[in-house]
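Heads up: the structure comes next, in structure tokens.
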Amino acid sequence: RTTERELDAGVSAVQAVMSSQALPALLEGVLLMGNYVNAGSKTLSGVVGVTLDSLCKLAHTRCCTGEPLPLPPRQPGQEPAQLPPCDNALHLLVRLLQSRDAHIIDNLAEELGR
């Protein structure tokens, strides 16, 4: 019975990941951020995948000065928005994603928490 429950939990987890609409946006953001940071590197620029280890490293990568960050306007003639100060790359990524979709983190938690 324990093995059956563990298999059911594993299958449910895979189904949640495969059906998630927010997870691809998160992973795309991680990939874009990594490619931007590594643009000058011949071996690391143009990476096409993300490892779980790289996701963990985001929280330990300092990237901001504590000042608000300007965002380009979403439409011509619109005032540029600003991201609140952030401490690390994970905070920056979350704020960038939320600037595009205010509910992305809630959606991600709901989709993967099934």
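Laid out as a table, the results:
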| item | result |
| --- | --- |
| Residues of region 96-107 classified as assigned to a helix (DSSP H, G or I) and open to solvent by 70 Å² or more (accessible area, probe 1.4 Å), total | 3 |
| Region 7-63, residues that are touching a strand residue (DSSP E or B) at 6+ places or on another chain (Cβ under 9 Å) and open to solvent by less than 70 Å² (accessible area, probe 1.4 Å) | L58, A59, T61, C63 |
| Listing of helices (runs of 4 or more DSSP H) fully contained in region 1-91 that carry 3 or more residues being farther than 25 Å from H103 by Cα and modelled with pLDDT of 90 or more | 2-19 |
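The values are calculated or read from the model by the stated rules, or taken from the named source; none is laboratory data. This is a predicted model, so every value here is computed, not measured. Because the Cβ atoms are built from the backbone with ideal geometry, glycine has one as well, and the counts that use them run over all protein chains shown. All accessible areas refer to the heavy atoms of the entire protein, side chains included, with ligands and DNA or RNA removed. Shrake-Rupley method; radii C 1.70, N 1.55, O 1.52, S 1.80 Å.
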